[in-house]
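Everything below concerns the one structure shown next.
The values are calculated or read from the model by the stated rules, or taken from the named source; none is laboratory data. Fair warning: this is a prediction, and the values are worked out from it, not measured in the lab. Methodologically, a virtual Cβ is constructed for each residue, glycine included, from the backbone with ideal geometry; neighbour enumeration extends over all protein chains shown. Side chains are part of the model used for accessible areas, which takes the heavy atoms of the whole protein and leaves out ligands, DNA and RNA. Shrake-Rupley method; radii C 1.70, N 1.55, O 1.52, S 1.80 Å.
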Amino acid sequence: MSENQQNEQVQIKQRREKLNALREETIAFPTDFRRDVIASELLANYGDKTKEELEQEPIRVKLAGRLMTRRIMGKASFAHIQDMSGKIQLYVTRDTLPEGFYNSQFKKWDIGDIIGTEGILFKTKVGELSVRIDAIRLLTKALRPLPEKFHGIADQEIKYRQRYLDLIMSEESRKTFVIRSQIVSYIRQFLTERQFMEVETPMMQTIPGGATAKPFETHHNALDMGLYLRVAPELYLKRLVVGGFERVFEVNRNFRNEGLSSRHNPEFTMLEFYQAYAEYDDLMDLTEEMLRGIAINIYDSTQITYQGEVYDFGQSFDRMTVVESILHFNPELSADHLATREAAVKVAEELTIPIKDGYGLGKVQIEIFEKTVEHRLMNPTFITAYPVEVSPLARRNDDDPHVTDRFEFFVGGREIANGFTELNDAEDQAARFRNQVAEKEAGDDEAMHYDADYITALEHGMPPTAGEGIGIDRLVMLFTDAPSIRDVLLFPHMRPKT
RNA sequence: GGGUUGUUAGCUCAGCUGGUAGAGCACCGCACUUUUAAUGCGAUGGUCGAGCGUUCGAAUCGCUCACGACCCA
C-alpha cells in the first residue's frame, strides 16, 4: 500500500492531494446535481441561432460532463465538456463566479474531472455556440490524467484493454458502438414487426448442439455434472417451433473454443431466427430486405463503404450454388473435376489443401470452395446447395439428395449469414447425428453429439420451417468499416496482462 | 503455429555505425477577459517491456521470455 503510493506518478499524487483538500472542506463526491439538457440538444436547437437572437432571449441551461480541454487566459477561460451526446464549449470568467472561486477552485481542477455547470447560451466571436457560466461545481475528481488530446490513443492494446479511455477520447469509437446498438435494435424491430417473438434459450447446455465447433466446458457443482457453453442456440429454438412458437428469434452470445483472429472472438453475438411454413429462399429474400433496411436506417443509403470498397444492398443479391461458384472462380475447372471424390481430391491436392481420408466428396468440395471462392465473394452473394455431409441440420434437396436446401451469405469476402430449410424428418436427423458421432469418434472434435431429446422433439412433429443465423459482430464490422472484430466488441478477449 | 514488426516521460513520438536520454502535448509556476492542438517565458518528470550475454562502456549488438500490431495457415 505505502509502496504503491510511493510509486504513484507525480500527476496522480497531485490530483490525490487536491481530492484530499476537497474532502476537508466539502462533500467530495456530491450526487445532487441535475442537468436539464445535453450538448447535442443545444447544438441541434440553438446552433443555427444568431448572436443577436441568443442575446435577445437569454436561454439558461444546466449541463454536466467531463472536462476535456481548457484554455485559461487570465481572468477568463474557455473549456469544453463532453457528455454522452458530444461536446460543448463553456466560457468561464472570474467575475461571474462567487468571490475567489475562479482562482481557488476552477483553475485547480484538472482535465478529466467531471463537472456540473449552469449559465446562458451565447455565440463566440467565431460563432461557436457556448455557455456563459455563472455557476459551476466539481462533481467527480479524476485522479488519473487522460491520454494526450491531439493524437489520442495510438496503442491498440490500450483501446481494447481500457475501453473506457477509448470511448472518452475517440468520437469514432463511440460512433461504432452507437451504430452497433442501432443495428441490433433495428433487427429487433424488423423481426418483431413480422410477428417474430424474441426468446432466450440456455447458454449452458448438457449437449452442445447446433453447430460444428469446439465448445467450452464447465461444471455445475451442486449437480456434479459437466456443462458446455453453447456454440449455438439452434436446437432449442427449433424445440420452440415444435412447441408452436412458429416465429422466434434470439440475439445472444455463442462461445466457441477456437483461435482468435481479426474475425474471431471466443464469445460472439449471433442472431438466429426460425420461421415456420417457409423455405430457405424465403429467408434469402428476408435477408436482402433486412440488410437493405439496416443500410438505409443507418446511412440513409443502400450503398456502404467497407475498407475502401463500395457495396450496394439496393439491388437483389447474386445467387449461385457451391459448385457453380467454384467453377466461376476457377475457370480452368469443369463440372467433371468436382463430380467425383477422386477428381475433387486431385483438384484439392493441386491447390495444396490437406484432405483427410474420412472426407467425402461434399467435404472436399467445401474445402476447395473455402480456399478459392469465399474470400473473393465481394458483392453481396448467396451461395446455395451445400453438401449434406457439411450440413447435418439442413433439409435434403428433393432433386439432388447430395445437397441441402441451404445458403450462406457473403459480402466483402466474409461469411455473414447461414440459413436453411430445417430438417424436420426425425429419422433422417437421427441418421445425420449418428454420422456426426462417427466422425467425432474418428477424431473430429468439432463434430456434433447425438441429441436424443432433440430427436424426440422432432418426432412430435416440427412444421416445415426455415431458419437462419447472422453473425452480428461481422455485420457490425461491415456497417462501421471496422477491420477487426475487436473494434466492434466493447471488451474483446485479451490475454491477461502480466 | 509461421513470417514481418513494435514495446523509450502520464500520452504521441525521435534517438545514426555502442559513449550513460530528447521534442510536442499533459502536469507545475508566472503573464494574459473571445480561446478552440490558445499563446509567451520558466521548471519538474525516465532502473529506455523483463532477464541473460558480448563489451572498458548497451536504449542501441546477440539470445530467451512477456505483451501487442499486421500478414499467412
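Quick notes on this one:
- For the range A:422-498, the convex hull spanned by the alpha carbon atoms encloses 175 Å³ per residue.
- R0 of 22 Å, Cβ-Cβ distance A:Q195-A:S316: FRET efficiency to nearest 0.05: 0.40
- Within the shell defined by Cβ-Cβ distances under 13 Å, the residues around A:Q156 carry a net charge of 0, with Lys and Arg each +1 and Asp and Glu each -1.
- One Cα centroid belongs to the range A:418-473, the other to the range A:243-265; the line between them spans 16 Å.
- Exceeding the 20 Å Cα-Cα cut-off - candidates A:K149/A:K175; A:K51/A:K75; A:K238/A:K440; A:K13/A:K107; A:K108/A:K175: A:K51/A:K75; A:K238/A:K440; A:K108/A:K175
- Solvent-accessible area per residue, Å², over chain A with all protein chains present [probe radius 1.4 Å]: 52
- CD proxy at 222 nm, helix term only [per DSSP H run n ≥ 4: -39500 (n - 2.57); per residue of chain A; nearest 500]: -10000 deg cm²/dmol
- Helices meeting the span-like rule in chain A (full DSSP H runs, Cα extent of at least 15 Å along the helix axis, mean Kyte-Doolittle score of 0.0 or higher): A:280-299, A:361-372.
- Tail weight of P(r) past 22 Å, computed on alpha-carbon pairs of the range A:2-146, percent: 41
- Toward the positive end of the charge dipole of chain A, with +1 on the Cβ of Lys and Arg and -1 on the Cβ of Asp and Glu, the farthest Cα among A:T302, A:L490, A:A394 is that of A:L490.
- Sparsely packed GluC sites (Glu not before Pro) within the range A:139-243, loop by DSSP, other Cβ within 10 Å at most 15: A:E148, A:E200
- Extending 7 Å from Cα along the Cβ direction at A:K214 and again at A:Y186 yields two label points whose distance is 3.6 nm.
- Over the range A:453-498, the hull volume per residue, using the convex hull of the C-alpha atoms, is 138 Å³.
- Taking chain A and dividing mean pair separation by its residue count, relative contact order in percent (alpha carbons under 8 Å, at least six apart): 12
- Here the accessible area is traced with a 1.4 Å probe on the protein chains. For chain A, carbon and sulfur cover 49 percent of it.
- Calculated P(r) tail over 39 Å for chain A, as whole % of Cα pairs: 42
- Cα-Cα P(r), the range A:281-401, percent of pairs per 10 Å interval: 12, 36, 29, 19, 4, 0
- The range A:319-425: GluC sites (Glu not before Pro) in DSSP loop, at most 10 other beta carbons within 10 Å: A:E332
- Where GluC sites (Glu not before Pro) fall in DSSP loop in the range A:80-137, at most 13 other Cβ within 10 Å: A:E99
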